[in-house]
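First up is the structure itself, then whatever we jot down about it.
Derivation of every value follows stated rules applied to the coordinates shown; laboratory data play no part. Predicted model, so just to flag it, every value in this text is computed and none were measured. We place every Cβ from the backbone using ideal geometry, glycine too, and count neighbours over all the protein chains shown.
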Amino acid sequence: MNVRTRISAIIGTLGLVGSLALATASADESRAPGDAAQIALTEVARAENPTAGAAGPKDTVWIAERAGTVRVLDGDGLGDPVLDISDETTTDGERGLLGMAFDKDFAHLYLSYTDLQGTSTIDEFAVQDGTVQEGTRRTVLTQEQPESNHNGGDIEFGPDGHLYIAFGDGGGGGDPEGNGQRLDTLLGKLLRIDPQGGDPYAIPEDNPFAGDPNAKGEIWAYGLRNPWRFSFDADSGDLLIADVGQSDWEEIDWAPASSAGGENYGWSRMEGTHPFRGGTEPANHVPPIHEYDRTGLGCSVTGGYVYRGEAIADLEGQYVYSDYCDGTLRSLEIENGEVTAEHDLGVNGGEVVSFAQGGDGELYVLAIGGTVSRVDPA
Ligand SMILES: [Ca+2]
């Protein structure tokens, strides 16, 4: 059993495993990059199991570490923690501090983590002059998790100013409760809430299931398995969700900025474009714009961002992503919701667990082993 096979066997279908010492291969010379952008990775900081990053106030990039600390990246690496909730979370299973986001104008910081009982929790802190006001902390939303895996946990503000939250299907493998297709649970969903519009939050009136007595009004999209990372194109506002597969297919889902929500991404009747365990395709299934199998490209997709920086002209507008087990950075050119080109970017980021996008549109790669690297021109 080679290293990748062994790691795949361990990681199985997990979206996050913290302490695996996965071999980091160098760029695969045998893969012709074609007309891929020429990029290089520059290590800008060491971190303790970084899991999430966000553009912060005053052109900073903030990094969340899995055990519960938040640190700010500057020219000299990461500073001392500006927040520490490490006594309120654990790192067993796929747990920990899993997501982080600022709202517009950096007025509030939101953390997404599993608490000591494993319950997914979204907390809010006011931010003043770039400083977190710890005394203002409040819990916005919680969701009990039946298993320690498939927590999702990514959070991002959309171009509409609302907070989007991704939760996995609850775990256990194969979606035993059918949560992906059920509209009466927040599990297996992408949610959309207005955290400032109510106490503890408001459901936007234009959410697709708002007011529906048979559905949770927070739901924006459903049929997701473990949407570990998602993002909005900083230019177009289009939504991209990387959904980790069960055993065969890793997928990337897409919706235009004009979407009214309600998309059914298929899980657990579909895995990618393939019926799952004899499932039938829902009539309203929105298939992924991209999928790959596990026969060589990895085992757990790690979603990134559409590149909107200035440093790498050839990468402009491309969606950059990777895979936790493979580590190769890849990109997709997307036009009107269709992939028109796929690229192997020819560099390997190690155990790529997450990406961050600075306010300038540049991208950072987070490897769970402890590096934060900037994507630079080669
Ligand atoms: Ca799907």
**Fill in**
Exposure-ranked with fewest Cβ neighbours within 10 Å first, Val339, Val127, Val140 stand as Val339, Val127, Val140
**Request:** Return the Rg/Rh value of the chain, two decimal places, where both radii are evaluated on C-alpha atoms and Rh is the Kirkwood radius.
**Result:** 0.93
**Asked** Which three semi-axes in whole Å describe the equivalent ellipsoid of the range 94-138, each the square root of 5 times a Cα gyration tensor eigenvalue, listed largest first?
**Response** 22, 11, 7
**Request:** Measure off 7 Å from each Cα along the Cα-to-Cβ vector at Asp314 and Gln117, then give the distance between these two points in nanometres to one decimal.
**Result:** 5.3
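Please give the net charge around Asp160, taking every other residue with its beta carbon less than 10 angstrom from that of Asp160, where Lys and Arg add +1 and Asp and Glu add -1.
Local net charge: -1.
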**Asked** Taking neighbour counts of Cβ atoms within 10 Å as a proxy for exposure, in what order, fewest first, do Ser231, Ser300 appear?
**Response** Ser231, Ser300
**Request:** Excluding residues on the same chain fewer than 8 positions from Lys216, give the lysines whose Cα lies under 29 Å from its Cα.
**Result:** Lys104, Lys189
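Report the trypsin sites (Lys or Arg not before Pro) located in the range 188-293 that are in a DSSP loop and have at most 14 other Cβ atoms inside 10 Å of their Cβ, or state none. Can you show the working numbers first?
Values: sites: Lys189, Arg192, Lys216, Arg225, Arg229, Arg269, Arg277; in loops: Lys216, Arg225, Arg269, Arg277.
Counting only loop positions with at most 14 other Cβ atoms within 10 Å, the trypsin sites (Lys or Arg not before Pro) in the range 188-293 are Arg277.
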**Prompt:** How do Ile155, Ile63, Ile289 line up, fewest other C-beta atoms within 10 Å first?
**Reply:** Ile289, Ile155, Ile63
**Request:** For the range 122-265, restrict the atom set to alpha-carbon positions and state the Rg and Dmax in Å.
**Result:** 15.2, 47
**Item:** Candidates Leu329, Leu78, Leu186, ranked by Gaussian network fluctuation over the chain, Cα under 10 Å, top entry
**Value:** Leu78
**Message:** What translational diffusion coefficient, to the nearest whole µm²/s, does the range 55-161 have by Stokes-Einstein, given a Kirkwood radius computed over alpha-carbon pairs, a temperature of 4 °C and 1.567 mPa s viscosity?
**Reply:** 92
**Request:** Mind giving me the FRET efficiency for Arg277 and Ala341? R0 is 35 Å, r the Cβ-Cβ distance, nearest 0.05 is fine.
**Result:** 0.60
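Quick one: which of 35-48, 351-364 comes out on top by average Cβ neighbours within 10 Å, and what's the full order, highest first?
Averaged packing, sorted descending, gives the order 351-364, 35-48.
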**Asked** Roughly speaking, what is the centre-to-centre gap between the range 308-378 and the range 99-113 when only Cα atoms are used, to the nearest Å?
**Response** 22
**Prompt:** Which cross-chain or sequence-distant (5 or more) residues have an amide H under 5 Å from the amide H of Met270, H modelled 1.01 Å from N in plane?
**Reply:** Phe276
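If you put +1 on each Lys and Arg Cβ and -1 on each Asp and Glu Cβ, how big is the dipole of the chain around its Cα centre, in Debye rounded to 20? It would help to have the intermediate numbers written out before the result.
On the way: 23 positive and 64 negative charges, 171 e Å.
Approximately 820 debye in magnitude.
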**Request:** Would you calculate, for the chain, the mean residue ellipticity at 222 nm contributed by helices, counting each DSSP H stretch of 4 or more residues as -39,500 (n - 2.57) and dividing by all residues, to the nearest 500?
**Result:** -500 deg cm²/dmol
**Rg(Cα)/(2.2 N^0.38 Å) for the range 239-373, N = residue count** = 1.07
**Request:** Please give the peptides 236-248, 97-109 ranked by average Cβ packing (other Cβ atoms within 10 Å per residue), highest first, as a rough proxy for protection.
**Result:** 236-248, 97-109
**Request:** Report, in whole Å, the centroid distance computed from the Cα atoms of the range 124-173 and the range 45-76.
**Result:** 16
